[in-house]
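Presented below is the structure to which this report refers.
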Amino acid sequence: MNDTKTPRILIVDDVETNRFALRDIIAEMGYQPILTENGEQALRIIEKFQFSLVVSDVAMPVMDGYELCIQLKKNPHTREIPVIFISAYDDPSDVVKGFEIGGADYITKPFIPEVVKARVGVHLKAAQAGKELQDLNRKLQHSVTEQMEQNEKEKKNVLYALIRVARENANYDETHMERLSKNCRILAEALQLSPKFDKEISDSYVDTIELSAPLCDLGNVSIPSSLLQKQDALTPDEVKVMQSHTSQGARILRDIEGNGEFNNFIHMSKEIAHYHHENYDGTGYPTGKKGDEIPLAAQIVAVVGEFCALTEDRSYREAYSLEEALAIMEVDAESKFNPDIYGIVKKIYRQFV
């Protein structure tokens with residue numbers, strides 16, 4: 001009877017003859033009875049052992065059966081244990097009270113062994129069925145979560161494949177995406193330490209911007225390579241086509257997102273793709289947003305993106321040094337970039353990769 005798989009049933013009654021009678025009934029059913037004299041003792045025992053059911057008298061010294069049940073139902077670790085009351089109280093109000101406080105059943109004394117067996121059996125089966133249903137729900141939820149994670153992984157694979165095409169169209173250095181990603185993370189971590197941004201930038205935000213930043217120029221997949229790689233000055237019409245990569249990138253991300261659940265990665269990626277060419281003074285494109293109207297992630301990518309572009313080789317020039325790049329950015333920093341963000345860039349730019 002010490003098999004840990006055998007249901008363990010706690011019998012709580014201050015009358016010895018009742019305890020022993022119930023013990024014999026429970027043992028005859030093939031279950032493991034544990035005996036105690038009052039609710040207070042019962043609570044101490046339940047802290048040490050796992051029980052499938054509690055059979056309790058109502059009228060007991062120290063702590064009665066009702067209070068025992070109330071305490072069990074308050075505790076998230078014990079609230080699912082069924083409680084059967086066996087009591088000499090047969091007034092309907094007593095029975096109703098037993099159910100109101102969470103009791104599973106109420107048997108009046110003198111009890112009939114066959115009735116006790118039937119009620120105990122029913123509630124043990126119900127409890128087992130409930131446990132199996134919870135286990136099934138957990139397995140189902142795990143399966144659904146795995147499937148959702150797989151779907152998100154596949155979406156990211158598609159997006160990064162597209163951005164590689166966009167990078168090749170623009171003839172960017174092959175390390176551009178990696179540098180942009182890492183440097184956005186470095187800047188976001190630095191902003192996280194600033195009182196101005198610490199409430200908006202969480203650890204999760206830092207992780208997400210590292211993944212989302214390379215998708216800023218996703219819309220370049222829709223721009224002709226000849227235009228992206230053109231070294232002569234662009235005509236006004238060509239400028240409009242080039243600038244459309246922001247809206248095109250956001251559209252692609254909306255299409256991939258579909259009607260699924262809110263996703264921080266896709267949401268931030270859309271904001272970055274759409275608004276990373278907005279200027280802090282409102283002179284940027286495509287919408288002319290200014291100041292804090294521009295999503296913070298897009299502001300971060302804007303300043304890091306320009307720094308990375310200036311410090312990388314292009315077909316028409318060699319890379320600038322870190323100091324040269326910062327000097328170039330300084331000329332129009334007040335109009336293009338958030339001054340608080342740019343101020344932090346000037347302090348940490350040597351940490352950039």
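The values are calculated or read from the model by the stated rules, or taken from the named source; none is laboratory data. Quantities reported herein were computed from a predicted structural model and do not represent experimental measurements. Virtual Cβ from ideal backbone geometry, glycine too; neighbours counted across all protein chains shown. All accessible areas refer to the heavy atoms of the entire protein, side chains included, with ligands and DNA or RNA removed. Shrake-Rupley method; radii C 1.70, N 1.55, O 1.52, S 1.80 Å.
Here are a few things to note about the model shown:
- Springs between Cα atoms under 10 Å define the GNM used for the chain, and in it the highest mean-square fluctuation of Thr287, Thr175, Thr17 occurs at Thr17.
- Cross-link pairs exceeding 25 Å between alpha carbons, from the set Lys153/Lys270; Lys48/Lys74; Lys196/Lys289; Lys74/Lys199; Lys74/Lys97: Lys74/Lys199.
- Alpha-carbon centroids, segment 1-66 and segment 283-318: separation in whole Å: 71 Å
- Helix 39-48 and the long axis of the chain differ in direction by around 50°, with both axes built from C-alpha atoms.
- Charge dipole magnitude, Cβ of K and R +1, D and E -1 - segment 202-279, Cα centre, debye nearest 20: 280 debye
- Solvent-accessible heavy-atom area per residue, rounded to whole Å², over the chain at 1.4 Å: 54 Å²
- Amide proton proximity set for Glu278, modelled H, under 5 Å, gap of 5+: Tyr285
- A helix-only calculation puts the chain at -18500 deg cm²/dmol for mean residue ellipticity at 222 nm, using -39500 (n - 2.57) for each DSSP H run of at least four residues, averaged over all residues.
- The local environment of Ala250, defined by Cβ-Cβ distances under 11 Å, has a net charge of 0 under the rule Lys, Arg +1 and Asp, Glu -1.
- In the complete set of protein chains, residue-level accessible area for Arg317 is approximately 50 Å², probe 1.4 angstrom.
- Taking amide H as placed 1.01 Å from N in the peptide plane, the amide H of Arg314 sits under 5 Å from that of Ala319, each at least 5 places away or on another chain.
- Lys117 sits among other residues whose Cβ lies under 12 Å from its own Cβ, and their net charge, with Lys and Arg +1 and Asp and Glu -1, is -2.
- Amide H contacts under 5 Å for Met29: none, restricted to partners 5 or more places along the chain or on a different chain, H placed in the peptide plane at 1.01 Å from N.
- Compared with the dominant principal axis of the Cα atoms in the chain, helix 322-331 is inclined by about 80°.
- Relative to the longest principal axis of the Cα atoms of the chain, helix 339-348 runs at roughly 90 degrees.
- The residues neighbouring Gly284, those whose beta-carbon lies less than 10 Å from its own, together hold a net charge of +1 under the Lys/Arg +1, Asp/Glu -1 convention.
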